[in-house]
Amino acid sequence: MLATEHLMKEHQLILKYVALLESYVELSTKNREPSLLFEKAPVFLQFIHEFADEFHHAKEETILFRYLEQPGVLTHCNPIPQMLNEHGKARELVLNMENALLSNDIDKLAINGVEYARLLKEHIYKEDNILYPMGERGLSDIAKSSLLKEYAETDERLDSQSIWCQYEALAADLESQLN
């Protein structure tokens, strides 16, 4: 098993929510029906906080990046500072969405939602196609085994199975409401 396989699977669920967010923004702005986006925005924000930030980043920022920063792992460049910078930008956009929701500003909510989606798609592409393959090449088998053990402990502590079931069901519900 790859040391980054679980994270890439998590990325797929994040990308599903990003696509759904884009669809809700488009429906709300194209049809000038802001209540739809205002109604669903808290669901997207909850997913971002609980799954993307607390669950996914618990493994990425606190486990994987620590292993990748060991001497000799990332031999020709270190994209981790850029990845962390983009995580910070994503958190700023989420805060902007929360503020827009509180002030009932549909334009600000839509703009920040679209920008968040764009950033996440580009960011995940970089991680899946650049950072993670670099890490897989640089990590020793012993480091990968240790890293996977830490992922498993984190999944158990955070009740991974429950989180996955909750957010896969919620995504299906969001999809069904688009039709």
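Every number in this text was worked out from the coordinates using simple rules, so none of it is lab data. These figures come from a predicted structure and were not determined experimentally. Cβ: placed from backbone, ideal geometry, glycine included. Neighbour counts: every protein chain shown.
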> Lys/Arg Cβ at +1, Asp/Glu Cβ at -1, dipole of region 44-179 taken about the Cα centre: which of Cys165, Val73, Tyr151 is farthest positive-ward?
Replying inline: Val73
> So who's got an amide H within less than 5 Å of the one on Val73, skipping anything under 5 residues away but keeping other chains? H placed 1.01 Å off N, in plane.
Replying inline: none
>> Give me the three principal axis extents of region 29-68 from the C-alpha atoms, as integers in angstrom, largest value leading.
In response: 47, 16, 6
> Where does the chain land at 222 nm, in deg cm²/dmol rounded to the nearest 500, when only DSSP H runs of n ≥ 4 count, each adding -39500 (n - 2.57), divided by all residues?
Replying inline: -24500 deg cm²/dmol
>> With the alpha-carbon atoms as the only input, what is the per residue convex hull volume for region 134-179 in Å³?
In response: 89 Å³
> Between region 61-112 and region 157-179, how many Å separate their Cα centres?
Replying inline: 22 Å
>> Below 16 Å, Cα to Cα, which aspartates and glutamates can Lys126 reach? Residues fewer than 8 away in the same chain don't count.
In response: Glu5, Glu10, Glu60, Glu61, Glu86, Glu136
>> What are the extents of the Cα atoms of region 1-76 along their three principal axes, in Å, largest first?
In response: 54, 23, 21
> Are any of the pairs Lys9/Lys30; Lys108/Lys149; Lys40/Lys149; Lys16/Lys89; Lys59/Lys121 more than 30 Å apart by Cα-Cα distance, and if so, which?
Replying inline: Lys9/Lys30; Lys108/Lys149; Lys40/Lys149
>> Is there a quick way to get the dipole size of the chain? I mean about its Cα centre, with the Cβ of Lys and Arg at +1 and of Asp and Glu at -1; what is the value in debye to the nearest 20?
In response: 380 debye
